[in-house]
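Only one structure is covered here, and it is reproduced in the block below.
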Amino acid sequence: MVVDSIRQMTVEEYFAFDEASEYKNEYIDGEVYPMTGGTASHAEIMLNVGFALGLRLRGGDFHFYSSAMRIRVSPARYLYPDLSVVCGEPELDERAINLFNPTLVAEVTSPATANKDRGFKRDLYQSISSLQVYIIIDQFKAQVEVDSRLDDSWQTKEYADLDAIIPLPALGCDLPLAEIYHGIQFEAGESASAAK
């Protein structure tokens, strides 16, 4: 049985627990949070995003990581985003398990994670000094929130139309919503690819 959190675990204990676990676990200030499995749409959306960005950034100094890469937010906070991108040389621990300097982080929401993704996880990601873009993608409708760093503050914009194009100046490219949601069936029965 998966519990919501396991209290009073040290960072070292968390690392050992997480590596031995059948599922990924996030760590916030001594508490371990098991991560739930994703849906087919969740997985497809993340592959779409990775593919779209990969095509645009190929040949540049960019590194892409799936949800298997753990992000070190601080010495007592570790998260597993759905996708992360580093512009330049990645900073990793000696075992290449923890990434320290993401430029972009993306999360696909689910009913169980939407509030966390838009709440405390947003705050945690935005505390990473290297982070320039945080993307929150709704898997049930064509809606994407993009937080962009502007000097010492953050600006949030929402995109809610398959014709919308997200500018990503930190990466030097744009990301169309139609490509994020390509092949995804929404509740109305219309897929993103059919709508184009």
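What does the highest-first list of 157-166, 81-90, 94-103 look like by mean Cβ count within 10 Å? Don't skip to the answer; put the middle values down first.
Values: 157-166: 14.5, 81-90: 19.9, 94-103: 16.0.
Descending mean neighbour count gives 81-90, 94-103, 157-166.
If you restrict to DSSP beta bridges whose two residues both lie in the stretch 1-109, what percentage is antiparallel, to the nearest 5?
Details: 18 of 20 bridges.
Of all bridge pairs located within the stretch 1-109, approximately 90 percent are antiparallel.
Tell me the mean residue ellipticity at 222 nm calculated for the chain from its helices only (DSSP H runs of n ≥ 4, each -39500 (n - 2.57), averaged over every residue, nearest 500). Write down the numbers at each step before the final one.
On the way: 6 runs with 48 residues, N = 196.
Rounded to the nearest 500, the figure is -6500 deg cm²/dmol.
Could you state the accessible area per residue of the chain in Å², with a 1.4 Å probe and every protein chain left in place?
Numbers: 10000 Å² over 196 residues.
Solvent-accessible surface per residue comes out at 51 Å².
At a 1.4 Å probe, what is the % contribution of carbon and sulfur to the accessible area of the stretch 111-178? Working shown, then result.
Numbers: 1600 of 3280 Å².
Carbon with sulfur: 49 percent of the solvent-accessible area.
Any idea what log10 I(q)/I(0) is at q = 0.14, 0.18 Å⁻¹ for the chain, Debye with uniform C-alpha scatterers and no solvent?
Summing over Cα pairs of the chain leads to -0.81, -1.30.
Taking only the Cα atoms of the stretch 1-91, how large is their convex hull per residue, in Å³?
Values: hull volume 9.4 nm³, N = 91.
Enclosed volume per residue, from the Cα hull, is 103 Å³.
Report, by chain and number, residues whose modeled amide H sits under 5 Å from the one on Glu91, excluding near sequence neighbours (fewer than 5 apart, same chain).
Phe100, Asn101
Wrap a convex hull around the Cα atoms of the stretch 65-154, take a quarter of its surface area, and give that in square nanometres. Please report the intermediate quantities before stating the final value.
Numbers: hull surface 24.5 nm².
Seen from a random direction, the Cα hull of the stretch 65-154 projects 6.1 nm² on average.
Which whole-number percentage describes the relative contact order of the chain, with Cα contacts under 8 Å and a sequence gap of 6 or more?
Working: 346 pairs, mean separation 28.7, N = 196.
RCO, the chain: 15 percent.
At 7 Å along the Cα-to-beta-carbon direction for both Ala170 and Glu158, put a label point, then send me their distance in nm to one decimal.
Here the modelled spin labels are 2.1 nm apart.
Quick check on packing: order 105-112, 140-147 by the mean number of other C-beta atoms within 10 Å, highest mean leading. Don't skip to the answer; put the middle values down first.
Values: 105-112: 20.0, 140-147: 18.2.
Highest to lowest by the protection proxy: 105-112, 140-147.
Work out the FRET efficiency for Ser130 and Ala40 from their Cβ-Cβ distance, taking R0 = 30 Å, and round it to the nearest 0.05.
On the way: r = 32 Å, r/R0 = 1.06.
The formula returns an efficiency of 0.40 here.
If you take every DSSP beta bridge whose two residues both sit in the chain, what share of them, in percent to the nearest 5, is antiparallel? Provide the component values of the computation, followed by the final result.
Working: 35 of 43 bridges.
The answer is about 80 percent antiparallel.
The values are calculated or read from the model by the stated rules, or taken from the named source; none is laboratory data. In this text the structure is predicted, and so the values were computed from the model without any measurement. Because the Cβ atoms are built from the backbone with ideal geometry, glycine has one as well, and the counts that use them run over all protein chains shown. Keep in mind that these areas ignore ligands, DNA and RNA; they rest on the heavy atoms of the full protein, side chains included. Shrake-Rupley method; radii C 1.70, N 1.55, O 1.52, S 1.80 Å.
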